[in-house]
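Below: one structure, written as C-alpha cells.
The values are calculated or read from the model by the stated rules, or taken from the named source; none is laboratory data. Please read these numbers as outputs of a predicted model, since none were measured by experiment. Positions of Cβ are backbone-derived with ideal geometry, glycine not excepted, and every protein chain shown enters the neighbour counts. Heads up: the accessible areas ignore ligands, DNA and RNA and are worked out on the full protein's heavy atoms, side chains in. Shrake-Rupley method; radii C 1.70, N 1.55, O 1.52, S 1.80 Å.
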Amino acid sequence: MSTAAIVVIGNEILSAKVVDENGPWLARELRSLGVDLRRIETVPDEVPVIVDSLKRALGSARWVFTSGGIGPTHDDVTVAAVAQCFGRRVVPDERILSSLRAHFGERLNAARRRLAEVPEGAAIDWCPGSLFPVISVENVAVLPGPPVLFREGFARIRDRYRAAPIFTRALYFNIGEGSLAEHLDAAVAEFPAVAIGSYPRFDDADYRVKVTFDGRDEDQVRRAAAFLRARIPPEAVLREE
C-alpha cells in the first residue's frame, strides 16, 4: 500500500489569516493516484515543531509532502527544518544559484540567495524558466505555499507516486445511523479489507447518512456495498453511486 502524510507549515494558516487550500487539494490528487493519505498536520513556522511533525509523518507514511515556508523571508524555515530532520547541512545549489544570478543580476541580494539553499544531497527538480525548485530529501517532497505554485510543483513529480487504484462506492440512506449501526458492524466484520465509513447529515441535504466503501479490490468493494444494501429495507436506500 502506498501511503502519504502532509505537513502544512505557516503561522498564517494557524491564525486563520489564510485558508489552507493545499492540503485538501493534495488529498484529492493523492487519492486519484491510489495513495492512501494517513495524516495532515498544520504547524507554525518554527524549526523544532516542523521537525517533530516531519518525524511523526515519516513514522506513519511512506511519502511526506510539505507545504509552505520556502521563500526568502525570516519565517521561511522549512528547508532548515527538513535538513535538521535528516541530519544534513543546508548548502547552496549551484544550478539554482546560477539561474538566480541570470534572472536577478545585480538585484540578487542575500534574501534572494536563500532561494538556492537546499538540504545537502537533496534531489532537485528544476528547469530553466521555473520560478522555484521542487526539493526532495529521501521520501519528503518540499513544495511552496501559494496554491498556484504548489500545484505546479506537484505536477512535476506527480507520476512518481502512482500506485494501485482505490475503488469506492457510496450508499445514501433516509434513515439515521442508529438504525444502520448493527448492519454496518456486520459489513465491517464480513469485509475486513474494505474501509467502510458512515457520515450523517443534519442539514437540508436530501439524505441522512452516506456510507462509503473503499478498497483496492473492486469486487470486494462492490460486494460489501451489496451486502449492506441487502440488509436494509429498500425504501430506506435513496441511491447508490
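Condition first: within 15 Å of residue 147 (Cβ to Cβ) and open to solvent by less than 30 Å² (accessible area, probe 1.4 Å). Now tell me which residues in segment 1-26 satisfy that.
Of everything in segment 1-26, those that are within 15 Å of residue 147 (Cβ to Cβ) and open to solvent by less than 30 Å² (accessible area, probe 1.4 Å) turn out to be 6, 8, 9, 10, 22, 23, 26.
Out of 18, 79, I need the residue that is part of a loop (DSSP other than H, G, I, E, B), more than 17 Å from the chain's Cα centre (by Cα) and β-branched (Val, Ile, Thr). Which one? Working first, answer last.
On the way: 79 fails: part of a loop (DSSP other than H, G, I, E, B).
The conditions single out 18.
Could you check segment 90-178 for helices (runs of 4 or more DSSP H) lying wholly inside it with 3 or more residues that are touching a residue at least 40 places away in the same chain (Cβ under 8 Å) and not polar (S, T, N, Q)?
Of the helices (runs of 4 or more DSSP H) lying wholly inside segment 90-178, those with at least 3 residues that are touching a residue at least 40 places away in the same chain (Cβ under 8 Å) and not polar (S, T, N, Q) span 147-157.
Restricting to segment 187-204, count the residues that are touching a residue at least 24 places away in the same chain (Cβ under 8 Å) and either assigned to a strand (DSSP E or B) or hydrophobic (A, V, I, L, M, F, W, C) (or both). Steps first, please.
The initial filter retains those residues of segment 187-204 that are touching a residue at least 24 places away in the same chain (Cβ under 8 Å), namely 187, 190-191, 193-194, 196, 200.
Now narrow it down to the ones that are either assigned to a strand (DSSP E or B) or hydrophobic (A, V, I, L, M, F, W, C) (or both): 187, 191, 193-194, 196, 200.
Looking only at that region, the number is 6.
Collect the residues in segment 216-231 that are open to solvent by 90 Å² or more (accessible area, probe 1.4 Å) and either in contact (Cβ under 8 Å) with a residue 40 or more places away in the chain or among the β-branched types (Val, Ile, Thr) (or both), keeping them in residue-number order.
218, 222, 229, 231
Residues of segment 210-222 being under 19 Å from residue 164 (Cβ atoms) and either of a type in the set (Val, Ile, Thr) or not in a loop (DSSP other than H, G, I, E, B) (or both), which ones? Let's see the steps before the verdict.
Of segment 210-222, the ones under 19 Å from residue 164 (Cβ atoms) are 212-222.
If the condition is that a residue be under 19 Å from residue 164 (Cβ atoms) and either of a type in the set (Val, Ile, Thr) or not in a loop (DSSP other than H, G, I, E, B) (or both), then 212, 213, 214, 215, 218, 219, 220, 221, 222 are the ones that fit.
State which residue is most open to solvent (accessible area, probe 1.4 Å) when the search covers only segment 191-207 and only residues that are in contact with a Lys or Arg (Cβ under 9 Å, 6 or more places away or on another chain) and within 26 Å of residue 37 (Cα to Cα).
199
Tell me which residues, restricted to segment 190-200, are closer than 15 Å to residue 224 by Cα and either of a type in the set (Phe, Trp, Tyr) or over 29 Å from the mean Cα position of the chain (by Cα) (or both). Steps first, answer last, please.
Keep residues of segment 190-200 that are closer than 15 Å to residue 224 by Cα, which gives 190-198.
If the condition is that a residue be closer than 15 Å to residue 224 by Cα and either of a type in the set (Phe, Trp, Tyr) or over 29 Å from the mean Cα position of the chain (by Cα) (or both), then 190, 191 are the ones that fit.
Does residue 207 meet the test of being in a loop (DSSP other than H, G, I, E, B) and not acidic (Asp, Glu)?
Numbers: in a loop (DSSP other than H, G, I, E, B): yes; not acidic (Asp, Glu): yes.
So residue 207 fits the description; yes.
Restricting the search to segment 72-125, which residues are among the acidic types (Asp, Glu), surrounded by 16 or more Cβ atoms within 10 Å (Cβ to Cβ) and closer than 20 Å to residue 48 by Cβ?
Within segment 72-125, 76, 117 qualify.
What number of residues within segment 62-76 are within 16 Å of the chain's Cα centre (by Cα), closer than 15 Å to residue 137 by Cα and of a type outside the set (S, T, N, Q)?
4
Are any residues in segment 21-43 in contact with a strand residue (DSSP E or B) (Cβ under 8 Å, 6 or more places away or on another chain) and not in a strand (DSSP E or B), and if so, which ones? Walk me through how you get there before you give the answer.
Step one: filter segment 21-43 for residues in contact with a strand residue (DSSP E or B) (Cβ under 8 Å, 6 or more places away or on another chain), giving 22-23, 26-27, 30-31, 35-43.
If the condition is that a residue be in contact with a strand residue (DSSP E or B) (Cβ under 8 Å, 6 or more places away or on another chain) and not in a strand (DSSP E or B), then 22, 23, 26, 27, 30, 31, 35 are the ones that fit.
Only one of 218, 235 is farther than 22 Å from residue 37 by Cα, acidic (Asp, Glu) and at pLDDT 95 or above. Can you tell me which?
Values: 218 fails: farther than 22 Å from residue 37 by Cα.
Result of the check over 218, 235: 235.
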